[in-house]
2 protein chains.
Amino acid sequence: MAHRPPPPPARPRRRPPRPPGKPPSGRSRDTEEAFLAGYDLAAFPRPSVTVDVVLLTVDRTVPTSAPRLHAVAYERTEHPDRHKHALPGGFVRLDESLDQAAARILRDKAGLEGLFVEQLYTFGAPQRDPRGRVLTVAYYALVGPERLADLALRSSARVHLVDVPWAGETGGPVDLLAGPGEPLPLAFDHADILGMAVKRLRGKLDYTPVGFQLLPAEFTLRALQDVHEAVRGETVNKDSFRRRMLAGGMLEATGEREPATYHRPAELYRFVKRSSV
Amino acid sequence: MAHRPPPPPARPRRRPPRPPGKPPSGRSRDTEEAFLAGYDLAAFPRPSVTVDVVLLTVDRTVPTSAPRLHAVAYERTEHPDRHKHALPGGFVRLDESLDQAAARILRDKAGLEGLFVEQLYTFGAPQRDPRGRVLTVAYYALVGPERLADLALRSSARVHLVDVPWAGETGGPVDLLAGPGEPLPLAFDHADILGMAVKRLRGKLDYTPVGFQLLPAEFTLRALQDVHEAVRGETVNKDSFRRRMLAGGMLEATGEREPATYHRPAELYRFVKRSSV
DNA sequence: GTGCCATATATACATCATGCATATATGCTG
DNA sequence: CAGCATATATGCATGATGTATATATGGCAC
């Protein structure tokens, strides 16, 4: 996510601070070192900073109902907002990047590595956490159904349906559902974060290959369409969808066919990085 | 930008901290207050947090050359990266939201209020600032040419051309130009921030009415096309552009015409919020 | 094995957006 | 008044998309 490799450490040696007022001319290494040694970042008040991750998946295991978008939430055991559900998150360490913090949280709290992870938005309303000023840099991550099944087995995580009540792109707050029609209140401003994650995913679906992150390595065109419909919250035209996907140059036929179906089995495809453009 | 009004202050009164380990059962107001009073956010290390703003405009005052995208940068007078140019920015205060901090910086450093402002991305590489761990929540803002002229007159700001060397959407770092072909090095990771701002603006141009933020209240279709071309860095088909804009339902003809032109004057339009959808 | 079923896959056609070309309109300049 | 540069309008070819129809294929009931 960072666009440049971090510069070399260049940790300045300690020097006695130089009195301000007359900035020394020239740009020699010494004067910059002296400036940095005398600089006190703690003079400005600092907020706490956390990273929260919206972990999304599409459940296609229930063949009877339309596939739905899911998010992972954990019940809080501590105040504030005790017993409400919260996104996995944690404080940012001073020696890690924000991306690394998001990856660490996914690893520690969900046991997942190597997922598609992208920064979403930073939430910083002054009163969003009653413990004090806490900013959160929100991320979202996508995981295929086969790896999420691991999570449900392994951890005590409560995996909950995301039922998105808006078909448009307004991007308002979204609460989870504990069951059909049973809202699950989210802690803090996590409903805002979840809503923005769904909005972002919807916006990226048509223009980036992000949909494949929600599928196993090989999949049918119907499965890909299910994912798109679950994310968008509405059905799409089947023929147009097939043509568009096949014309996009991002799919490669495996030559194999879907196993064990009730009906004619569909061909399996895999995602390939687009060659052109 | 916040999706919910902030909750009421609910500042807990001070109480003696409660020993941890046995969390009190129940959810009464007292036990939550006690928990909050005993909670020490400072136990976790905190980074410094700044807000930097990419202030963009399109200069159409030079009729001979193609309009260009501009950004506002100030020469640094202090270490580190002294004499390099930096985006306007400042530390976030603990009693203001991030959006408010961005608005304050625009007001204090550029004397501008009421602009289109949107959060962009949060940059947090551990070594991005040699003074210590400093995150920056980057914003971008758009301003029309008539208000930017004020800025150039009023302040000592150095307004510089953004010459975007990539026509695609890769979103890599972008340096400013002091003149034609004369690169202007940016401080810290501000070239990354600028590159992401241009990328975001390009992505939003076709799907949101963001282009109008770079024009005065009344404008010709040609001026709107100039803005789009400056942002995209490439020319667009004139007829298609006109049809698309007029069909979008976001333009309203004023009935008046462009004053004082060399040639046939074009009709002036104004932006209206789209009625449908 | 035969026929039915549900879905995949292929083909054809209407519709719409867009790129491109051409024609006309208009205000200024000399 | 003629010419110029641009705006504005119209027509047509092309490609993408929505819709409909026809054919293919594997499992299942019998």
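The values are calculated or read from the model by the stated rules, or taken from the named source; none is laboratory data. Here the structure is a predicted model, which means the values were calculated and not measured. Cβ coordinates were reconstructed from backbone atoms using ideal geometry, including for glycine residues, and neighbour counts include every protein chain displayed. The protein model used for the area step is the full one, side chains on, heavy atoms only, and it has no ligands, DNA or RNA in it. Shrake-Rupley method; radii C 1.70, N 1.55, O 1.52, S 1.80 Å.
One table, with the values for the structure above:
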quantity: Yes/no for B:Leu151 being more than 15 Å from the chain's Cα centre (by Cα), open to solvent by less than 40 Å² (accessible area, probe 1.4 Å) and at pLDDT below 90; calculated: yes
quantity: Index of the failed condition, B:Pro216 passing every other in (1) away from DNA strand C (no atom under 16 Å from the Cβ); (2) open to solvent by 70 Å² or more (accessible area, probe 1.4 Å); (3) not in a helix (DSSP H, G or I); calculated: (2)
quantity: Failed item in (1) within 12 Å of DNA strand C (Cβ to nearest atom); (2) touching a Gly at 6+ places or on another chain (Cβ under 6 Å), with B:Val227 passing the rest; calculated: (1)
quantity: Among residues of the stretch B:86-102, those that are of a type in the set (A, V, I, L, M, F, W, C) and over 23 Å from B:His160 (Cβ atoms), counted; calculated: 5
quantity: Filter result for the condition that a residue is in the same structural domain as A:Glu113 (by TED's automatic domain parsing), modelled with pLDDT under 90 and farther than 22 Å from A:Asp163 by Cβ, over A:His83, A:His70, A:His79; calculated: A:His79
quantity: Residues satisfying the stated conditions in the stretch B:239-253, i.e. within 11 Å of DNA strand D (Cβ to nearest atom), exposed (fewer than 13 other Cβ atoms within 10 Å of the Cβ) and either within 14 Å of another protein chain (Cβ to nearest Cβ) or touching a residue at least 12 places away in the same chain (Cβ under 8 Å) (or both); calculated: B:Ala253
quantity: Residue list for the stretch B:233-277, restricted to those being near DNA strand C (Cβ under 10 Å from one of its atoms) and of a type in the set (Lys, Arg); calculated: B:Lys238, B:Arg242, B:Arg243, B:Arg244, B:Arg257, B:Arg264
quantity: Identity of the residue in the stretch B:255-277, among the hydroxyl-bearing types (Ser, Thr, Tyr) and exposed (fewer than 13 other Cβ atoms within 10 Å of the Cβ), that ends up farthest from DNA strand D (Cβ to nearest atom); calculated: B:Ser275
quantity: Residue among B:Val227, B:Val236 that is modelled with pLDDT of 90 or more, within 16 Å of DNA strand D (Cβ to nearest atom) and in a loop (DSSP other than H, G, I, E, B); calculated: B:Val236
quantity: Counted residues, the stretch B:93-114 - those being surrounded by 22 or more Cβ atoms within 10 Å (Cβ to Cβ) and within 26 Å of A:Arg200 (Cα to Cα); calculated: 3
quantity: Extreme residue, most open to solvent (accessible area, probe 1.4 Å), among residues of the stretch A:34-50 that are more than 9 Å from chain B (Cβ to nearest Cβ) and among the aliphatic types (A, V, I, L, M); calculated: A:Ala43
quantity: Of all residues making up the stretch A:122-133, the number that are assigned to a strand (DSSP E or B) and more than 7 Å from chain B (Cβ to nearest Cβ); calculated: 1
quantity: The lone exception for B:Gly168 - which of (1) more than 9 Å from every other protein chain (Cβ to nearest Cβ); (2) over 30 Å from B:Ser48 (Cα atoms); (3) modelled with pLDDT under 95 it fails; calculated: (1)
quantity: Of all residues in the stretch B:60-97 being in contact (Cβ under 8 Å) with a residue 60 or more places away in the chain and within 14 Å of another protein chain (Cβ to nearest Cβ), the one that is farthest from B:Leu214 (Cα to Cα); calculated: B:Pro80
